[in-house]
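The values are calculated or read from the model by the stated rules, or taken from the named source; none is laboratory data. Note that the coordinates shown come from a computational prediction; the quantities given were computed from them, not determined experimentally. So basically every Cβ, Gly included, is an ideal-geometry build from the backbone, and we count neighbours across all protein chains shown.
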Amino acid sequence: MERYLNMAIKSVITEFPKIGTILNDYEIGCVTCSVGTCLLKDIIEIHNVPKHIEAEMMKKIEAVLNGEDASTTETKEDIGMQVQREIVYSEPIQKLVDEHTLIKRLLALVPDLCDRVNADLEGNREVVLQSVEFIKQFADKFHHAKEEDILFAYAKGNIDIINVMLEDHKKGRYYVKSVLLGLETGDAAYVSYSLKHYRELLTEHIKKEDEILYPWIEKGMTPEQIADLEVKFDETDLEFGSGFYDKWEGFVSGLEKKA
């Protein structure tokens, strides 16, 4: 058991696919992770699973490793209901979660925007460009910069999950460039494809940060560090200006009214 706890999760899942199924049942998405270098023991710590649920999950994993039957009468829905828990964030982390809420509001509009683009690319060129500007200015330059330049520095020990988040940020920037390329070449299908993949990526990315990464980082911070984090976030907000958030919230609200 000890050997597998210190193995990269992708290697463990490759050797024991049933462990991937167990992790999926507990809403731990290691199977689809593009990096997969986190150790099995770190996966348990990072996801902050309640102790009684962790014990059940590890019992099933150990059974698979020993070649035993790990099946139970529990359904995935039953397990999901047990794992769900309310997360209370500190004030600075709550700011990031609130920024996610605005980003998710834009993501919710992507399917409608894609339909409009496929029907009339030129007629919707400007709204696509404005949406890209929101992604570049608010989601990336403002929000992601807070994470990359400030928050991630407080992560202790295992940094593999940080690498996963950084890889997602890179992929997001790639999809944004793809949207612009599609506009440049007049390829509506490529614009739509890129927007849809950006939406899928960011939806899962935000879920991982809100439910896994943020609580894990905050758990390892001292009250002094959290206070320091709040000061740094406030300085960033001032740097971008008091009307920055309102400007982009207004943009998203306008799109919502037209959807």
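Okay, here's what the table says:
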| read-out | value |
| --- | --- |
| Candidate set: region 151-164, residues that are closer than 21 Å to residue 235 by Cβ and among the hydrophobic types (A, V, I, L, M, F, W, C); chosen: the one surrounded by the most Cβ atoms within 10 Å (Cβ to Cβ) | 151 |
| Some residue of region 168-183 being in a helix (DSSP H, G or I), of a type in the set (A, V, I, L, M, F, W, C) and within 30 Å of residue 28 (Cβ to Cβ) | yes |
| Meets criteria (under 18 Å from residue 125 (Cα atoms), of a type in the set (S, T, N, Q) and surrounded by fewer than 20 Cβ atoms within 10 Å (Cβ to Cβ)) for residue 192 | no |
| Only listed residue being farther than 25 Å from residue 194 by Cα, in contact with a helix residue (DSSP H, G or I) (Cβ under 6 Å, 6 or more places away or on another chain) and either aliphatic (A, V, I, L, M) or surrounded by 13 or more Cβ atoms within 10 Å (Cβ to Cβ) (or both), chosen from 93, 135 | 93 |
| Cβ-Cβ under 7 Å pairs, at least 6 apart or on other chains, region 1-20 side in the same structural domain as residue 57 (by TED's automatic domain parsing) and within 13 Å of residue 67 (Cβ to Cβ), far side at pLDDT below 80 and not in a helix (DSSP H, G or I) | 18/70 |
| Residue count, region 211-245 (criterion: surrounded by fewer than 11 Cβ atoms within 10 Å (Cβ to Cβ) and over 18 Å from residue 149 (Cα atoms)) | 6 |
| Answer from 193, 214 - the residue that is at pLDDT 95 or above and assigned to a helix (DSSP H, G or I) | 193 |
| Counted residues, region 145-179 - those being touching a strand residue (DSSP E or B) at 6+ places or on another chain (Cβ under 8 Å) and under 30 Å from residue 189 (Cβ atoms) | 0 |
| Pair list, Cβ under 9 Å, 6 or more apart: region 227-254 residue under 19 Å from residue 131 (Cα atoms), other residue part of a loop (DSSP other than H, G, I, E, B) and of a type outside the set (Asp, Glu) | 247/241 |
| Filter result for the condition that a residue is surrounded by fewer than 17 Cβ atoms within 10 Å (Cβ to Cβ) and in contact with a Ser or Thr (Cβ under 7 Å, 6 or more places away or on another chain), over 167, 200, 148 | 167 |
| Members of region 96-124 found to be surrounded by 15 or more Cβ atoms within 10 Å (Cβ to Cβ) and of a type in the set (Lys, Arg), listed by number | 104, 116 |
| Residue within region 114-133 that is outside any helix (DSSP H, G or I) and in contact (Cβ under 8 Å) with a residue 12 or more places away in the chain present | yes |
